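Worksheet: one structure, shown below.
The values are calculated or read from the model by the stated rules, or taken from the named source; none is laboratory data. Source: prediction; values computed, not measured. We place every Cβ from the backbone using ideal geometry, glycine too, and count neighbours over all the protein chains shown. Note: accessible area is taken over every heavy atom of the protein model, side chains too, but ligands, DNA and RNA are not part of it. Shrake-Rupley method; radii C 1.70, N 1.55, O 1.52, S 1.80 Å.
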Amino acid sequence: MSDTRRRVKVYTLNEDRQWDDRGTGHVSSTFVERLKGISLLVRAESDGSLLLESKISPNTAYQKQQDTLIVWSEAENYDLALSFQEKAGCDEIWEKICQVQGKDPALEITQDPIDESEEERFEEMPETSHLVELPPCELARLEEIADLVTSVLSSPIRREKLALALMSEGYMKKLLQLFQVCEDLDNREGLHHLYEIVRGVLFLNKAALFEVMFSDDCIMDVVGCLEFDPSLVQPKKHREFLTKTAKFKEVIPITDSELRQKIHQTYRVQYIQDIILPTPSVFEENFLSTLTSFIFFNKVEIVSMLQEDEKFLTEVFAQLTDEATEDGKRRELVNFFKEFCAFSQTLQPQNRDAFFKTLANLGILPALEIVMGMDDLQVRAAATDIFSYLVEFSPSMVREFVMQEPQQTDDDVLLINVVIKQMICDSDPELGGAVQLMGLLRTLIDPENMLAPTNKTEKTEFLSFFYKYCMQVLTVPLLASTVDEKNCKDLQEGSTKINPVCPDNFQTAQLLALILELLTFCVEHHTYHIKTYIMNKDLLRRVLVLMNSKHTFLALCALRFMRRIIGQKDEYYNRYIVKGNLFEPVINTLLDNGTRYNLLNSAIIELFEFIKVEDIKSLIAHIIDNYYKALESIEYVQTFKGLKGRYEQEKDRQTLRLNRYRRDARTLDEDEEMWFNEDEDDDGEAIEKSRPEEEFPESYGKYMEAKKVKESDNKESFPKRTPTGSFKFTFSHSAGAANGTNGANCKPATSPTSAASPNGSPAMSLSLSTAILVAKTAMVGLVDYPDDEDEEDEDEEQSPRKRPRLGS
């Protein structure tokens, strides 16, 4: 069999009964050794990858719809469809399928799946019983026809036979002509039968019947039949709505008659499915799957035809951005684009990308800046929907446009600030529009979708832009509502008029909760930028004013904001909280809440529990030092006693560390004493004690008295630092060194600029620690006596007078 290739789109039906586009490629029918049979293969036109490999099974039911569609099910709840670019390609593949199954290509469906019991029953029946004989199409036989149609719905094979019979000899058109007769005669019984017949025919789920019923000549009669539901006292007026109320508005004249017809047909069929037909039961859900597919592929075709008409889109954008365009006309243009973007969701991913890029190139974002600032609520709502489509498609595209906008003195003209302003000024009591816009802003500032490898600086650049030009606009209501807590309370208590910026106004409280939710998101994801903003604006203090709101949800939002800040475990934040004493409003709220066990109480307890578990020392010390007296009476949880325990543990550790430091300092003093009682000769060969230790304190005391006198005489006479920052000292040995008695004479080296003392000799200031360091490098070594620790213990018991260290 020859390998024939045709361009197709592959679709699969998802759990929501919507068609998902799997890609575009070329289909062929060929023998696949692995599958042991003739199979349909679709290879992607972009890279040649295999999009579909499906064996043509002899028992699979294939349906041909609208001349360019082939639909089938490979397994339970797994439906596939091939949408052909050309009718000839569809016909050829259909012939291959019918050839494998041994069916007549003239059929629209090869077979229906049936269960074994039904198949056995049909095998036992005479051959002629497989045919469905329709009664003559007459008024007197309408009841018989209705009974026949409703009786076959439970049998797939009988549905197929009935569909074949209805398509023969124009039977459907004859039935619809009888509707006109019954309506003229006001024959209610006949009209009720026609309702049952048309509804049953729709549930046959056959595309070939839909093509006839939804044609321009028949669709209004179909709608008319569905008006006369026997369960209704009075018929509905669906035709009146479709012909008079629902107006087809051409914002720009559509010259393509085929496109116009397709738009009308799609709208009316969608109306039949959504409005006229009752919601199908669980057993009827699959009866209208073909109707859903009919609408879906119509929308794909409409979007494709409009997108290919370059003159049409260019003209639409020209009028949309023209300042001379009337408001009513601009409203229609915006609504057109809203529907256009909604239809585009049916496109396959690569075509949808091209669609939105086309809109961006034509200037959809600058146009949105204009229409989102209009007073018309319907226009703003439609513009918001368009903006949501664009953000969902490509947040990076929107961010790139915003950063390329000219920086004018008035930041309100920026697109994001226009969006923020619309969110703040939402007049809906439930703030439905504000919630939607807040979600879009969150998507735009989310660093998770700023990681595109093509633009590694996007995150840094956009966040810097946002915090410079937009953050102050977002926080205006928050800062205005918390400008003065006392004044706000006075306004609530002393005036019957609601203060529009006071947080206890319910609608304002809702808005502030949205803003706090966004700021909390920023704390978690924008570590540097939001930290700088919080510190500069003292934002946390302002937010905690809202802990006094009578609306618990707003107080919880303020608490959540603080909890997220503490959760960062950042010492900059911790010092800011301690310095500002910012736990006070939280603890006051806890105490005011009393013994009530509610969400606010639990959230505050969780905040302190987190601090205890994470052992945030600076916050624990601040809480215990300042608030423990107020908190120690709370005993229904062990949180505050646990904080106190952590505090005491840390205090003990610090005390122990201080004692160790003092002990180390004492050891160093003893080392200095050992050095002072040792001497070395010029060659560094002999080191021995020069005098008993008990003689040293007296000479040392004399030395200190002499030093104090010299320092009081001339405070500027200090040894000069060398360029390296150390002091220069010269060491000389007395003549007694040769006689066995060593003296350590330490003289500071003076530079030419050194200040001299009044008596003409250089001023001397000696640092023992520095001298020790220099001497140790010159000595051969120091003796490490094994009984040092014992001597240290004795020193602690005797507590002799310690020699102070000389300061450099």
> Of the peptides 28-34, 598-604, how do they stack up when ordered by the mean number of other Cβ atoms within 10 Å, highest first?
Replying inline: 598-604, 28-34
> Name the GluC sites (Glu not before Pro) in region 324-424 that are in a loop by DSSP and that have at most 14 other C-beta atoms within 10 Å, would you?
Replying inline: 326
> Per the Debye formula with a single identical scatterer at each Cα and no solvent contribution, what log10 I(q)/I(0) holds for region 145-218 at q = 0.18, 0.23 Å⁻¹?
Replying inline: -0.70, -1.08
>> As an exercise, take the mean of 1/r over every pair of distinct alpha carbons in region 552-596, invert it, and state the Kirkwood radius in angstroms.
In response: 11.5 Å
>> Quick check: residue separation of residue 315 and residue 67 times 0.36 nm, minus the Cα distance between them. What number comes out in nm?
In response: 86.0 nm
> Tell me, what is the 1.4 Å probe accessible area of residue 525, in Å² to the nearest 10?
Replying inline: 50 Å²
>> Can you give me the distance in nm between label points at residue 304 and residue 188, each placed 7 Å from the Cα along the Cα-to-Cβ direction?
In response: 4.8 nm
> Considering the zone a paramagnetic label at residue 234 would reach in this model (a point 7 Å from Cα along the Cα-to-Cβ line), which residues of region 173-193 have amide N under 16 Å from it?
Replying inline: none
> Once amide H atoms are placed 1.01 Å from N in the peptide plane, what residues at a sequence separation of 5 or more from residue 52, or on another chain, have their amide H within under 5 Å of its amide H?
Replying inline: 42
> Want the number for residue 147 to residue 651: 0.36 nm per residue separation, take away the alpha-carbon distance, what's left?
Replying inline: 172.3 nm
> In whole percent, how big is the carbon plus sulfur part of the accessible area of region 569-658, probe 1.4 Å, protein atoms only?
Replying inline: 52 percent
> Over the C-alpha atoms of region 289-419, what are the Rg and the largest Cα-to-Cα span, Dmax, in Å?
Replying inline: 15.4, 57
>> For residue 22, what residues show an amide H to amide H distance below 5 Å, using hydrogens built from the backbone and excluding near sequence neighbours?
In response: 10, 11, 12
> If you take the square roots of the eigenvalues of the alpha-carbon gyration tensor of region 569-658 and sort them as a ≥ b ≥ c, do you get rounded (a/c under 1.5), prolate (a/b over b/c) or oblate?
Replying inline: prolate
> Which whole-number value in Å² is the accessible area per residue of region 4-101, probe 1.4 Å?
Replying inline: 48 Å²
> Applying 1/(1 + (r/R0)^6) with R0 = 25 Å to the Cβ-Cβ distance of residue 633 and residue 550, what FRET efficiency is obtained, to the nearest 0.05?
Replying inline: 0.45
> Hey, with R₀ at 25 Å, roughly what FRET efficiency would residue 169 and residue 88 work out to, going by the Cβ-Cβ distance, to 0.05?
Replying inline: 0.35
>> Can you give me the accessible area per residue for region 569-658, using a 1.4 Å probe, in Å²?
In response: 56 Å²
>> Using each residue's phi in region 95-103, evaluate 6.51 cos²θ - 1.76 cosθ + 1.60 at θ = phi - 60° and report the 3J(HN,Hα) Karplus result to the nearest Hz, with x for Gly and Pro.
In response: 5, 5, 4, 5, 5, 5, 8, x, 10
> For region 218-273, what is one quarter of the convex hull surface built on the Cα atoms, given in nm²?
Replying inline: 4.5 nm²
> Of all GluC sites (Glu not before Pro) in region 619-661, which ones are in loop regions per DSSP and have a Cβ with at most 16 other Cβ atoms within 10 Å?
Replying inline: 632, 635
> Can you give the Rg to Rh ratio of region 132-308, both from alpha-carbon atoms, with Rh computed by the Kirkwood formula?
Replying inline: 0.97
> Once label points are set 7 Å from the Cα along Cα→Cβ at both residue 361 and residue 375, what is their separation, rounded to one decimal in nm?
Replying inline: 3.9 nm
> At a probe size of 1.4 Å, how large is the accessible area of residue 96, to the nearest 10 Å²?
Replying inline: 30 Å²
> Taking a ≥ b ≥ c as the square roots of the eigenvalues of the Cα gyration tensor of region 505-640, is the shape rounded (a/c under 1.5), prolate (a/b larger than b/c) or oblate?
Replying inline: oblate
> ³J(HN,Hα) across region 159-176 via Karplus (A = 6.51, B = -1.76, C = 1.60, θ = phi - 60°), whole Hz, x for Gly/Pro?
Replying inline: 4, 5, 5, 5, 4, 4, 5, 5, 7, 7, 6, x, 5, 5, 5, 5, 4, 5
> For region 4-101, what class follows from the C-alpha gyration tensor (a ≥ b ≥ c being the square roots of its eigenvalues): rounded when a/c is under 1.5, otherwise prolate if a/b is larger than b/c, else oblate?
Replying inline: rounded
> Quick one: Karplus J couplings for region 201-217, per residue in order, coefficients 6.51, -1.76, 1.60, θ = phi - 60°, nearest Hz, x for Gly and Pro?
Replying inline: 5, 4, 6, 5, 6, 10, 4, 5, 5, 4, 4, 6, 5, 9, 6, 4, 6
>> Per residue, how much accessible surface does region 132-308 expose to a 1.4 Å probe? Answer in Å², no decimals.
In response: 48 Å²
